[in-house]
Amino acid sequence: MANNANMLKGLIELQILKILDDNKEIYAFELASLISKYSRGLINVTHPSLYPSLYRLKDKGYISIKEKTVANRNRKYYCLQNSGRAYYKKIRKEYEEITEGMKNVFEYTNDRKR
């Protein structure tokens, strides 16, 4: 699964929103690390694929960016907005319905083969 970039591409926003929902604020490197950690290493999001999703979510008003200086370095911290929390709940429900539907298809086709 870690090598299937096309499948994961559509799920990056959902993963970002889930982690932001669990954290008050987080910077991009930490966000990418947590996706890998929580997926037990099955999903590794690279920065080139992470940043476009972050900026899309910001442009839609779902997240905000706060700049902070840490150890003489500027860091951008990403925070979930109320509209982003509502959007997260909506797309998570849709994802769970699709996942359940796919599970049903796989079980049905496996049952027919027996």
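Near Y77, the amide H atoms lying under 5 Å from its own belong to K66, E67, K68; only residues 5 or more places off or on other chains count, and H is placed 1.01 Å from N.
With the helix formula -39500 (n - 2.57) applied to DSSP H stretches of n ≥ 4, the chain reaches a computed 222 nm mean residue ellipticity of -20500 deg cm²/dmol. Electrostatic tally near Y38: other residues with Cβ closer than 15 Å to its Cβ, Lys and Arg +1, Asp and Glu -1, net +1.
Counting Lys +1, Arg +1, Asp -1, Glu -1, what net charge surrounds N23 among other residues with beta carbon under 15 Å of its beta carbon? With Lys, Arg at +1 and Asp, Glu at -1, the neighbours total +4. Segment I98..N44, full-extension length gain: 17.2 nm, with 0.36 nm per residue of separation and the alpha-carbon distance subtracted.
The protection proxy used here, the mean number of other Cβ atoms lying within 10 Å of each residue, ranks peptides 68-80, 33-45, 11-23, 94-106 as follows, highest first: 11-23, 33-45, 68-80, 94-106. Over 30 Å apart at the Cα level, from the set K66/K90; K37/K58; K68/K93; K24/K103; K24/K90; K66/K103, are K68/K93; K24/K103; K66/K103.
Phi angles of segment 98-105 translate, via the Karplus equation with coefficients 6.51, -1.76, 1.60 and θ = phi - 60°, into HN-Hα couplings of 5, 4, 5, x, 5, 4, 4, 4 Hz per residue; Gly and Pro are given as x.
Hey, of [x] 0.94; [y] 1.07; [z] 1.14, which did the structure itself give for Rg/Rh (Cα atoms, Kirkwood Rh) when calculated? Recomputing Rg/Rh (Cα atoms, Kirkwood Rh) here gives the entry labelled [y].
With θ taken as phi - 60° and the Karplus curve 6.51 cos²θ - 1.76 cosθ + 1.60 applied, the whole-hertz 3J(HN,Hα) list for segment 29-44 is 4, 5, 4, 4, 5, 5, 4, 5, 5, 5, 8, 6, x, 7, 10, 10 Hz, x standing for glycine and proline.
The phi torsions of segment 65-81, fed into the Karplus equation with coefficients 6.51, -1.76 and 1.60 and a -60° offset, translate into couplings of 10, 10, 9, 9, 9, 10, 6, 6, 10, 7, 10, 9, 9, 9, 10, 7, 8 Hz, rounded to whole numbers, with Gly and Pro shown as x.
Any read-out appearing in this document is the output of simple, stated calculations on the displayed coordinates, not a laboratory observation. Being a predicted model, the structure only gives us computed values, none of them experimental. Don't worry about glycine lacking a Cβ; one is built from the backbone with ideal geometry, like all the others, and counts go over all protein chains shown.
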